[in-house]
Amino acid sequence: MKNERANRRMMTRLSIFAIAMFGFGFALVPFYEKICQVTGINDLIKPAAAVVNTQVDKSRWITLEFDANTRGMDWDFNPVQRSVRVHPGEMIQIEYDVRNNSEKAMVGQAIVSYGPRYAASHVKKLECFCFKMQPMQAGEAKRMPVQFVVDATLPAEVNTITLSYTFFEVEGASTAPLKSGGKS
Amino acid sequence: MYAAHTNDHGHDEHSHKPSGIMRWVQSTNHKDIGTMYLWFSFAMFLVGGAMAMIIRAELFQPGLQIVKPEFFNSMTTYHGLIMVFGAIMPAFVGFANWLIPMQIGAPDMAFPRMNNLSFWLLPPAALLLIAAQFAPGGGAGVGWTLYAPLSTQAGPAMDLTIFAIHILGMSSIMGSINIITTILNMRAPGMTLMKMPLFCWTWLITAYLLVAVMPVLAGAVTMTLTDRHFGTHFFNAAGGGDPVLYQHIFWFFGHPEVYVIAIPAFGVVSQVIPAFSRKPLFGYASMVYATASIAILSFMVWAHHMYTAGMPVEAQLYFMYATVLIAVPTGVKVFNWVATMWKGSLTFETPMLFALGFLFLFTLGGFTGLVLSIVPVDIQLHDTYYVVAHFHYVMVAGALFSAFAGIYFWLPKWTGRMYNETLGKWHFWLSLVFFNVTFFVQHFLGLAGMPRRIPDYSLQFAEFNMISSIGAFGFGLSQLLFLYIVIKTITSGEKAADRQWEGADSLEWTHLPSPAPWHSFETPPVVK
């Protein structure tokens with residue numbers, strides 16, 4: 001019968017269409033990823049790009065000098081590098097070596113001072129051994145980091161900043177080792 | 001003319017009809033299958049309705065009184081799934097089975113055996129959805145949208161739900177292929193496409209929508225299934241997938257799906273309003289084009305369901321404007337229905353009352369939809385009771401009221417008996433009042449910030465929730481009256497006339513007796 005054949009042909013076409021739409025559902029997966037990639041929304045393939053500091057002022061150099069003192073303590077305390085040259089806005093990490101030469105466990109607290117003094121507000125410290133009291137067992141040695149940014153609003157006349165750390169003993173504080181940080 | 005036909009078919013009207021349960025199990029008759037679809041959908045309507053009663057009982061007062069939160073989540077999930085896939089869609093497929101062959105002058109559907117299979121896939125799917133409640137850990141409380149990552153982490157009930165959706169999808173696709181083929185290939189001589197009753201047009205368009213989007217949903221839940229058990233990472237961010245992708249795929253199905261529900265409802269109303277206005281439908285051609293453009297636009301607006309999921313503002317603007325654009329063809333339809341009634345000889349029997357209830361309340365639901373389409377407003381109202389109120393206005397007062405209108409309208413043709421008009425009017429007015437008591441106050445709850453799908457709420461929402469729950473109980477009870485009316489009609493209704501509504505002019509009224517014989521139009525009528 002003619003009608004029957006036409007019906008079957010129609011059913012075949014519609015079934016193929018339905019199967020194609022099932023495939024289309026899956027095709028949406030790479031399509032979605034592609035769209036996200038091209039438009040840069042919700043990028044699934046690449047890991048998130050590293051954070052770029054756009055505030056770095058490449059046109060300027062400043063010198064940072066590091067100084068270390070102890071006050072009435074038998075500790076060795078020295079910067080690993082005496083000075084570095086950097087651009088304002090750059091992230092900097094430097095380290096200090098500390099060693100307790102005495103026979104007893106002690107707790108020290110470092111205090112920083114800046115030269116010139118008004119540079120203090122332009123040095124943004126992210127991590128510093130001076131944030132915490134530092135217990136040191138007898139004879140213990142450590143390397144302690146300072147991480148900071150000198151912001152780009154530093155007045156133009158400043159081309160050298162000195163960071164001077166001084167350790168003071170904190171008497172009566174717990175000498176138990178810190179749970180985290182300053183252990184390296 | 002119809003007398004000649006009844007004589008033609010008189011001899012085989014009863015002789016070939018198998019008896020007993022096998023008549024239904026093996027049925028390839030479009031009318032029997034239509035009847036089964038309608039009864040099945042009513043049973044599911046009661047199951048989904050019982051779940052809604054549990055939800056409203058828990059929300060009657062603030063605090064947790066009746067059910068555990070996990071069970072509450074399961075109820076909101078399966079209430080949605082059962083009402084959408086078990087009640088409303090099969091109800092309109094039931095209408096399609098009964099009416100399309102009669103309205104286009106065809107003897108039956110194009111593929112009667114496939115028609116049988118489409119129906120008999122539904123009960124197993126329904127059983128899976130109900131069995132999911134008894135799975136270890138209880139029903140999957142993931143919401144009817146089955147969003148990842150919750151759905152990829154839910155208990156074994158989720159697998160039953162996924163299989164139920166696969167089966168329901170297959171049933172819908174087969175049913176749609178049947179409907180498209182029947183309409184395109186089996187029209188009586190002279191029945192051009194633009195002479196078809198609008199109900200057939202709306203189903204033709206709906207069936208295309210279903211063939212296009214049900215496979216996409218099947219794909220989405222298949223991905224969920226393989227993510228759960230076979231180590232894929234479609235939606236698993238840890239494996240390079242993206243849960244937001246699920247939302248995109250789901251709503252690519254989900255938005256056309258709301259028109260799958262609404263468009264056949266438009267078709268029913270487009271038959272009922274002209275019949276009781278005693279005028280032909282105003283702007284028939286524009287109705288066809290408006291329906292088709294709604295269907296096409298429905299593929300382009302899916303992301304308005306996910307403004308808060310994170311997308312660029314340009315995309316939000318596009319989806320907002322495209323969504324607002326749908327109001328234009330919808331407005332054309334509402335205008336045409338109103339214009340059909342303009343200067344008509346109106347009478348207000350129950351089908352007309354339900355059609356008018358549809359017209360008012362669906363339009364209201366359309367307006368709240370416009371409010372929600374606006375990005376900054378939606379970001380405030382997303383996932384609040386305002387959304388719940390909005391989609392119940394289009395789903396219940398839209399699709400369900402239209403289904404009631406259709407059932408009262410064609411019940412005389414289907415059963416050969418007339419329903420009780422007084423009881424029918426009671427059913428309408430009770431439904432109308434209780435519907436608004438239930439859902440109108442939910443707009444206020446949503447505007448005040450009450451989130452949906454949460455079993456408990458802040459004390460400030462107590463009064464409106466109590467009103468809403470009382471309305472819901474009333475609405476639920478009113479539907480038992482409907483069951484009584486239908487049974488009473490079948491068993492002891494008055495004899496209906498062949499053309500019970502003198503304003504109705506499609507072939508089933510003008511060419512066939514009431515009740516419609518088991519076989520009709522074996523010799524196609526000639527349509528002038």
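The values are calculated or read from the model by the stated rules, or taken from the named source; none is laboratory data. As the structure is a prediction and not an experimental result, all values here were calculated from the model. Because the Cβ atoms are built from the backbone with ideal geometry, glycine has one as well, and the counts that use them run over all protein chains shown.
Observations on the model:
- Whenever a residue of region B:186-198 is free of Cβ contacts under 8 Å to residues at least 24 places away in the same chain, its partners that are buried (at least 19 other Cβ atoms within 10 Å of the Cβ) and assigned to a loop (DSSP other than H, G, I, E, B), lying with C-beta atoms within less than 8 angstrom and at least six residues away or across chains, give the pairs B:193/B:187.
- Of all residues in region A:1-53, those that are closer than 21 Å to residue B:311 by Cα and either polar (S, T, N, Q) or modelled with pLDDT under 80 (or both) total 12.
- Enumerated strands (runs of 3 or more DSSP E) restricted to region A:48-149, each holding at least 1 residues that are assigned by TED's automatic domain parsing to the domain that holds residue A:164 and under 21 Å from residue A:172 (Cα atoms): A:62-70, A:75-79, A:91-100, A:106-115, A:134-136
- For the residues B:448, B:462, B:405, the requirement of being buried (at least 20 other Cβ atoms within 10 Å of the Cβ) and either closer than 20 Å to residue B:63 by Cα or of a type outside the set (S, T, N, Q) (or both) singles out B:405.
- Filter result for residue B:246 (of a type in the set (Ser, Thr, Tyr), touching a Leu at 6+ places or on another chain (Cβ under 9 Å) and buried (at least 23 other Cβ atoms within 10 Å of the Cβ)): yes
- Of the helices (runs of 4 or more DSSP H) entirely within region B:109-204, those holding at least 3 residues that are hydrophobic (A, V, I, L, M, F, W, C) and within 18 Å of the chain's Cα centre (by Cα) occupy B:122-131, B:157-185.
- Of all residues in region B:467-496 being surrounded by 15 or more Cβ atoms within 10 Å (Cβ to Cβ) and more than 25 Å from the chain's Cα centre (by Cα), the one that is nearest to residue B:43 (Cα to Cα): B:493
- Test for residue B:234: is it at pLDDT below 95 and among the aromatic types (Phe, Trp, Tyr): yes
- Leading residue by the ranking (modelled with the lowest pLDDT) among those in region A:150-179 that are in a strand (DSSP E or B) and farther than 23 Å from residue A:72 by Cα: A:150
- Residue B:206 vs. criteria in contact (Cβ under 8 Å) with a residue 60 or more places away in the chain, away from chain A (no Cβ under 11 Å) and closer than 30 Å to residue A:34 by Cα: no
- Region B:329-427 holds helices (runs of 4 or more DSSP H) entirely within its bounds, and those carrying 2 or more residues that are at pLDDT 95 or above and within 20 Å of residue B:260 (Cα to Cα) map to B:350-373, B:385-394, B:401-415.
- Index of the failed condition, residue B:363 passing every other in (1) of a type in the set (S, T, N, Q); (2) over 19 Å from residue B:394 (Cβ atoms); (3) out of contact with any Lys or Arg (no Cβ under 9 Å at 6 or more places or on another chain): (2)
- Subset of region A:103-144 [of a type in the set (Gly, Ala, Ser), closer than 14 Å to residue A:71 by Cβ and in contact with an Asp or Glu (Cβ under 7 Å, 6 or more places away or on another chain)]: A:108
- Selection status of residue B:148, modelled with pLDDT of 95 or more and either farther than 15 Å from residue B:99 by Cα or surrounded by 23 or more Cβ atoms within 10 Å (Cβ to Cβ) (or both): no
- Considering region A:54-85, and only residues there that are modelled with pLDDT of 85 or more and charged (D, E, K, R), the residue that is nearest to residue A:98 (Cα to Cα) turns out to be A:76.
- Residue check, residue A:81 within 30 Å of residue A:56 (Cα to Cα) and touching a residue at least 12 places away in the same chain (Cβ under 8 Å): yes
- Total residues in region B:223-243, condition buried (at least 20 other Cβ atoms within 10 Å of the Cβ) and either within 10 Å of chain A (Cβ to nearest Cβ) or not in a helix (DSSP H, G or I) (or both): 5
- Count of region B:476-528 residues which are of a type outside the set (Asp, Glu) and assigned to a loop (DSSP other than H, G, I, E, B): 26
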